[in-house]
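Peer 1: Mind having a look at this structure? Questions to follow.
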Amino acid sequence: MKQFSIVIAGGGSTFTPGIVLMLLENLNRFPIRRLTFYDNDGARQEVVAEACKILLKEKAPQIDFAYTTDPQTAFTDVDFVMAHIRVGKYPMRELDEKIPLRHGVLGQETCGPGGIAYGMRSIGGVLELVKYMEQYSPNAWMLNYSNPAAIVAEATRALCPQSKILNICDMPIGIENRMASILGYSSRKDFDVMYYGLNHFGWWKTITNKQGENLMPKLREYVAQHGYVPPTPEAGQHVEASWNDTFAKAKAVYALDPETLPNTYLKYYLFPDDVVAHSDPTHTRANEVMEGREKHVFGECRKVIEQKTAAGCALEVDEHASYIVDLARAIAFNTKERMLLIVENQGSIENFNTDAMVEIPCLIGSNGPEPLRVGAIPTFQHGMMSQQVAVEKLVVEAWTEKSYQKLWQAITLSKIVPSASVAKAILDDLIEANKDFWPTLE
Ligand code: NAD
Ligand code: G6P
Ligand code: MN
């Protein structure tokens with residue numbers, strides 16, 4: 001079998017060790033000859049990389065491992081770029097969440113004004129990775145899960161339409177894992193789903209098992225009572241109390257449209273007042289992550305480095321991230337696996353903008369994704385998606401044209417923001433906070 005060369009962009013990410021462990025567990029399906037970490041923060045990456053170097057030496061010494069901040073070294077002789085960068089890192093996420101809250105508006109990593117601010121930072125960072133990939137490894141594919149994926153995907157559609165970049169999100173996967181445990185199935189792969197929407201903004205339309213049995217009735221009954229909180233607790237990602245609240249809240253989100261099953265992120269658009277009421281403006285999710293996941297991962301990495309062995313360390317396999325291997329395999333071996341991707345609509349949702357980036361099922365092969373046909377969507381979803389897709393397009397236009405006007409329109413149009421004056425006040429604070437990252441707006 002062919003052996004692949006991979007670069008992980010955002011080598012210093014809290015998710016990198018879990019993904020490396022996942023790649024090692026999947027070597028029989030996806031053999032790796034070379035693994036490189038790339039990050040623009042050398043000191044942060046070094047901690048994760050030195051620990052992973054020890055781990056790789058112990059578990060897979062045949063893999064040629066390196067880490068660097070030099071784009072040419074990182075992106076030369078590469079088959080796949082796995083991209084998970086966070087431009088501005090957690091301190092900027094903290095501001096994305098806290099600045100809107102100062103104005104009584106919900107603050108969230110990828111939704112509303114916070115997500116827009118993050119998008120204005122991410123576009124340049126991800127486009128830079130695409131440029132390096134095309135310069136040094138023109139045949140490579142980028143598997144991007146850097147957020148906010150909706151805005152990043154719209155930016156790559158508009159600004160580098162020929163580039164080989166696939167945008168993917170793990171939230172539907174996390175929810176489908178919960179659906180599997182709710183129904184007593186061993187894997188989400190026992191289902192075929194029809195899902196549609198924008199990233200962090202979608203609905204399941206049908207869910208069937210491999211025998212064709214419709215599983216929606218049983219799921220609806222359960223979600224109407226418990227949301228996506230399964231009978232026995234989940235392990236791994238999305239397990240903290242704040243995530244559990246989000247999975248439980250899916251009950252209320254579901255009530256708005258009992259025909260479909262919602263993505264958990266819709267709570268931020270449909271119940272923003274409730275989210276604000278339960279937010280602590282001095283301690284948001286960014287603080288939880290810095291005190292929790294970041295501290296844990298970097299602490300364990302430092303331990304591995306000190307002890308010069310990964311034996312007994314508490315770094316865990318991110319098994320649910322194996323969707324990244326499924327995606328890479330689909331491209332590498334033309335498997336035609338069915339997965340949800342963020343792709344240009346082009347008529348798949350027949351009554352929605354052809355040039356919108358939508359999250360829908362695709363069959364993936366060596367030539368990229370073939371989107372499946374979703375058909376027409378109902379008025380409720382159509383209305384919500386039209387408003388949100390306009391926000392996402394305006395952000396990309398604002399970034400490209402350096403337009404204050406368009407960014408003000410984008411924030412005003414966000415369903416979460418009550419008025420144009422509140423939007424302007426938030427925007428002016430965000431500009432100040434993001435001056436090292438955003439283009440200067442005119
Ligand atoms: P993190 O801050 O721990 O890691 C991000 C890394 O990216 C940092 O080491 C940072 O230095 C680096 N970076 C920032 N800008 C860069 C640039 N221009 N070039 C190279 N490297 C750069 O963040 P995290 O919490 O581990 O998350 C990483 C990313 O993965 C985020 O974008 C997050 O939103 C995303 N994510 C996406 C999904 C999904 O469903 N699509 C799931 C989980 C996480
Ligand atoms: C889910 C989403 C990601 C998002 C993450 C945030 O996995 O799909 O897009 O980045 O949640 O999780 P966190 O633990 O960082 O709040
Ligand atoms: Mn996501």
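Peer 1: Of these, 304, 374, 297, 325, which one is closer than 21 Å to residue 21 by Cβ and in contact with a Ser or Thr (Cβ under 6 Å, 6 or more places away or on another chain)?
Peer 2: 297
Peer 1: Based on what the data block shows, is residue 409 free of Cβ contacts under 8 Å to residues at least 24 places away in the same chain, surrounded by fewer than 21 Cβ atoms within 10 Å (Cβ to Cβ) and not basic (Lys, Arg)? Lay out the reasoning, then the answer.
Peer 2: Working: free of Cβ contacts under 8 Å to residues at least 24 places away in the same chain: yes; surrounded by fewer than 21 Cβ atoms within 10 Å (Cβ to Cβ): yes; not basic (Lys, Arg): yes.
When the stated conditions are applied, residue 409 passes them.
Peer 1: State whether the residues of region 339-350 include one that is surrounded by fewer than 20 Cβ atoms within 10 Å (Cβ to Cβ), modelled with pLDDT of 95 or more and within 25 Å of residue 26 (Cα to Cα).
Peer 2: Yes, because at least one residue in region 339-350 is surrounded by fewer than 20 Cβ atoms within 10 Å (Cβ to Cβ), modelled with pLDDT of 95 or more and within 25 Å of residue 26 (Cα to Cα).
Peer 1: Sort out which residues of region 157-192 are of a type in the set (Val, Ile, Thr) and either surrounded by fewer than 18 Cβ atoms within 10 Å (Cβ to Cβ) or within 16 Å of ligand 2 (Cβ to nearest atom) (or both), and write them in order of number.
Peer 2: Within region 157-192, 168, 173, 175 qualify.
Peer 1: I'm checking my understanding of the structure. Among residues of region 1-23 that are farther than 19 Å from residue 90 by Cβ and without any contact (Cβ under 8 Å) to a residue 40 or more places away in the chain, which one is nearest to ligand 1 (Cβ to nearest atom)?
Peer 2: 20
Peer 1: If you scan region 115-149, which residues turn out to be touching a Pro at 6+ places or on another chain (Cβ under 6 Å) and within 16 Å of ligand 3 (Cβ to nearest atom)?
Peer 2: Within region 115-149, 115, 118, 119 qualify.
Peer 1: Determine whether residue 120 is at pLDDT 95 or above, surrounded by 23 or more Cβ atoms within 10 Å (Cβ to Cβ) and under 22 Å from residue 153 (Cβ atoms).
Peer 2: Numbers: at pLDDT 95 or above: yes; surrounded by 23 or more Cβ atoms within 10 Å (Cβ to Cβ): yes; under 22 Å from residue 153 (Cβ atoms): yes.
Criteria met by residue 120.
Peer 1: Is one or more of the residues making up region 369-385 buried (at least 22 other Cβ atoms within 10 Å of the Cβ) and among the hydrophobic types (A, V, I, L, M, F, W, C)?
Peer 2: Yes, because at least one residue in region 369-385 is buried (at least 22 other Cβ atoms within 10 Å of the Cβ) and among the hydrophobic types (A, V, I, L, M, F, W, C).
Peer 1: Of the conditions (1) away from ligand 1 (no atom under 16 Å from the Cβ); (2) assigned to a loop (DSSP other than H, G, I, E, B); (3) closer than 22 Å to residue 320 by Cβ, residue 193 fails just one. Which one is it?
Peer 2: (2)
Peer 1: Next question, about the same structure. Please find, within region 229-259, the residue that is nearest to residue 205 (Cα to Cα) out of those that are assigned to a loop (DSSP other than H, G, I, E, B) and in contact with a Pro (Cβ under 8 Å, 6 or more places away or on another chain).
Peer 2: Looking at residues that are assigned to a loop (DSSP other than H, G, I, E, B) and in contact with a Pro (Cβ under 8 Å, 6 or more places away or on another chain), I get 259.
Peer 1: Which residue, of 391, 417, 343, is part of a helix (DSSP H, G or I) and either within 23 Å of the chain's Cα centre (by Cα) or among the β-branched types (Val, Ile, Thr) (or both)?
Peer 2: Of the residues listed, the single one that is part of a helix (DSSP H, G or I) and either within 23 Å of the chain's Cα centre (by Cα) or among the β-branched types (Val, Ile, Thr) (or both) is 391.
Peer 1: Consider residue 77 against the criteria (1) of a type in the set (Asp, Glu); (2) within 30 Å of residue 311 (Cα to Cα); (3) touching a strand residue (DSSP E or B) at 6+ places or on another chain (Cβ under 6 Å): it satisfies all of them except one. Which criterion is unmet?
Peer 2: (2)
Peer 1: If a residue counts only when it is crowded, with 21+ Cβ neighbours inside 10 Å, which strands (runs of 3 or more DSSP E) contained entirely in region 4-111 have at least 2 such residues?
Peer 2: Result: 4-9, 32-38, 80-83.
Peer 1: Could you list all residues from region 221-254 that are under 22 Å from residue 274 (Cβ atoms), in contact with a Ser or Thr (Cβ under 9 Å, 6 or more places away or on another chain) and touching a residue at least 12 places away in the same chain (Cβ under 8 Å)?
Peer 2: Result: 227, 228, 238, 246, 247, 249, 250, 253, 254.
The values are calculated or read from the model by the stated rules, or taken from the named source; none is laboratory data. For clarity, every value in this text was computed on a predicted model and none was experimentally measured. Positions of Cβ are backbone-derived with ideal geometry, glycine not excepted, and every protein chain shown enters the neighbour counts.
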